[in-house]
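Working notes, beginning with the structure itself.
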Amino acid sequence: MRHTLYRRAFAIICVILVFSQMVQVAASYHQEQQRIQEQGEPDEKTQLTLWYTDDKLNAYLVEAAGEFEKQHPVEITLQLVTAVDYIENINTASISDLGGPDLFVTSSELLEKARLAGLAVENDSFSERELQEAFPQKALDAATCGGKLMAYPFYFETCFLLYNKSYTSTAPATIDEILTYADNFEGGASTEKVESIFKWNVADIFFNFFFVANYVNLGGATGDNKAEVELSAEEIILCLEYYQSLNAFFAIDADEVTTDDVLQEFIDGKIVYTIAKTDAIARLDAAIAEGLVYQVQAEETEEGAEGEETEEAVPEEVPEDNGYFYGIAQVPDLTEELHTKGLSVTNSVAVNAYSREKDLAKEFAKYLTYDKVDSLYTMANKMPVKMGVSYANEEMELLIAQYEDSVEVPKITDLSNYWIEMEIVFSNIWRGNDVRTEIDGVNQSVQAQLQTEE
């Protein structure tokens with residue numbers, strides 16, 4: 001009996017203690033809710049996830065996410081993922097229980113695939129006037145599919161002409177002018193390092209395509225119209241015949257040449273002119289900062305026997321007062337009659353239609369591509385498409401003009417093999433194959449694929 005009383009007393013005490021703890025927890029929760037209400041803080045932050053495939057964006061995205069989190073009640077997860085089957089993986093994740101990214105960085109050539117898979121929503125964060133004032137039409141076209149702006153234009157890559165200011169002070173308007181320069185070139189102390197007048201990676205379609213880009217139609221202005229595909233205009237034949245003739249002048253070995261080697265030779269003063277891609281600028285500037293650039297500089301030496309002064313070519317860091325050793329220009333035309341355009345790829349940020357936080361994802365997409373993007377180049381060496389961004393080297397603003405006059409990689413999935421086939425075509429033509437035969441072959445292949453998919 002006494003034990004029973006003890007058990008009842010103990011039970012009563014436990015109930016009192018538990019109730020006391022519940023009161024304390026409730027009071028604590030009430031106090032926390034009051035604090036949250038007073039400070040305007042939510043009890044749980046919204047989650048956003050961004051997928052991307054280029055690790056050069058790491059620092060920029062981390063800083064941007066941190067700044068955006070301070071301005072909004074959100075936690076942002078950044079995921080660097082493989083570029084292989086990128087859209088397919090986003091789709092698989094999006095329809096799974098775990099869910100996919102709320103937004104993702106994608107190139108223009110994959111945007112139509114993303115739209116058709118239901119993975120993108122319309123960019124309605126800007127007024128029409130704001131879009132026209134902030135972005136070149138080329139960028140808006142690159143982010144447009146099915147007649148709607150389906151992404152937020154971010155940054156671009158294109159090719160352009162680089163020339164060494166130690167050897168020439170002006171950019172040529174045509175490759176014919178480069179040939180004239182080569183014919184008149186005289187070796188000497190100031191040019192002793194020069195091994196090639198004009199050299200580029202003839203094995204890479206990105207650097208070769210400017211030869212024919214002005215005369216192809218890859219799906220119309222927005223690159224998604226199958227009815228507007230023209231790959232065999234007569235001018236294309238003439239341009240490729242001109243391309244083939246350059247092998248006799250410059251004898252570039254397509255089996256040995258690489259983009260990295262060409263750029264290093266340019267830095268070393270061995271090349272006068274080259275075709276480069278936008279990412280080359282950062283490497284050139286790094287070489288300048290490290291004092292690794294070969295620059296011809298006239299300097300007085302001890303007088304010779306007859307009291308003459310001589311010039312000596314010495315490797316030296318570019319002095320601060322004369323700027324950069326390289327010049328930037330748009331790709332030259334071939335001749336006065338045969339014109340060129342560079343090739344370009346635009347990367348954009350797309351908001352996933354499967355996201356539960358589409359409005360907030362749109363705000364973050366706009367922040368990445370518009371509000372903060374002025375620091376994109378300094379942090380990631382990527383050229384933003386937003387207009388009005390300033391650079392330490394003012395000549396870089398010419399790249400926007402080059403981009404606006406470029407041919408964008410198309411969004412039509414059926415043209416994906418075209419680039420592989422054209423790279424082979426350029427290689428074969430460089431080695432001497434018949435131009436018309438090569439072009440007819442790739443045109444028939446692509447047209448057959450387009451018709452099969454209809």
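Is it true that residue 75 is in a helix (DSSP H, G or I) and among the charged types (D, E, K, R)? Write out each step before concluding.
On the way: in a helix (DSSP H, G or I): no; among the charged types (D, E, K, R): yes.
When the stated conditions are applied, residue 75 does not pass them.
Considering only helices (runs of 4 or more DSSP H) fully contained in segment 389-453, which possess at least 3 residues that are among the charged types (D, E, K, R)? Walk me through how you get there before you give the answer.
Working: elements: 398-404, 416-430, 435-453.
It comes to 435-453.
Does residue 177 fit the bill of being among the acidic types (Asp, Glu), touching a strand residue (DSSP E or B) at 6+ places or on another chain (Cβ under 9 Å), more than 21 Å from residue 425 (Cα to Cα) and touching a residue at least 40 places away in the same chain (Cβ under 8 Å)? If you could, list the steps in order and put the result at the bottom.
Details: among the acidic types (Asp, Glu): yes; touching a strand residue (DSSP E or B) at 6+ places or on another chain (Cβ under 9 Å): no; more than 21 Å from residue 425 (Cα to Cα): yes; touching a residue at least 40 places away in the same chain (Cβ under 8 Å): yes.
The answer is no for residue 177.
Say whether the condition of being within 25 Å of residue 409 (Cα to Cα) and over 17 Å from the mean Cα position of the chain (by Cα) is met by at least one residue in segment 47-70.
Yes: segment 47-70 contains one or more residues that are within 25 Å of residue 409 (Cα to Cα) and over 17 Å from the mean Cα position of the chain (by Cα).
Identify all residues within segment 121-171 that are within 25 Å of residue 360 (Cα to Cα), part of a strand (DSSP E or B) and of a type in the set (Ser, Thr, Tyr); write none if there are none.
Across segment 121-171, the qualifying residues are 144, 152, 155.
Here are some residues: 221, 227. Which one is within 22 Å of residue 403 (Cβ to Cβ) and open to solvent by 20 Å² or more (accessible area, probe 1.4 Å)?
Step by step, each of 221, 227 is checked, and only 221 is within 22 Å of residue 403 (Cβ to Cβ) and open to solvent by 20 Å² or more (accessible area, probe 1.4 Å).
Looking at segment 268-289, which of the residues that are assigned to a loop (DSSP other than H, G, I, E, B) and out of contact with any helix residue (DSSP H, G or I) (no Cβ under 8 Å at 6 or more places or on another chain) is least open to solvent (accessible area, probe 1.4 Å)?
Of the residues in segment 268-289, the ones assigned to a loop (DSSP other than H, G, I, E, B) are 268-270, 278-279.
Okay, now just the ones that are also out of contact with any helix residue (DSSP H, G or I) (no Cβ under 8 Å at 6 or more places or on another chain), so 268-270, 279.
Values: 268: 45, 269: 0, 270: 55, 279: 64 Å².
Among those residues, the one meeting the criterion is 269.
What residue, of 265, 241, is part of a helix (DSSP H, G or I) and open to solvent by 50 Å² or more (accessible area, probe 1.4 Å)?
Numbers: 265 fails: open to solvent by 50 Å² or more (accessible area, probe 1.4 Å).
Step by step, each of 265, 241 is checked, and only 241 is part of a helix (DSSP H, G or I) and open to solvent by 50 Å² or more (accessible area, probe 1.4 Å).
Would it be correct to say that residue 343 is within 21 Å of residue 108 (Cα to Cα), crowded, with 21+ Cβ neighbours inside 10 Å and at pLDDT 95 or above?
Values: within 21 Å of residue 108 (Cα to Cα): yes; crowded, with 21+ Cβ neighbours inside 10 Å: yes; at pLDDT 95 or above: yes.
When the stated conditions are applied, residue 343 passes them.
Just one of the numbered conditions (1) of a type in the set (S, T, N, Q); (2) surrounded by 13 or more Cβ atoms within 10 Å (Cβ to Cβ); (3) assigned to a helix (DSSP H, G or I) is not true of residue 106; which one?
Every condition holds for residue 106 apart from (3).
The values are calculated or read from the model by the stated rules, or taken from the named source; none is laboratory data. The model shown is predicted, which means the values in this text are computed figures rather than measured ones. Glycine gets a Cβ as well: all are built from the backbone with ideal geometry, and neighbour counts include every protein chain shown. These accessible areas exclude ligands, DNA and RNA; they are computed on the full protein's heavy atoms, side chains included. Shrake-Rupley method; radii C 1.70, N 1.55, O 1.52, S 1.80 Å.
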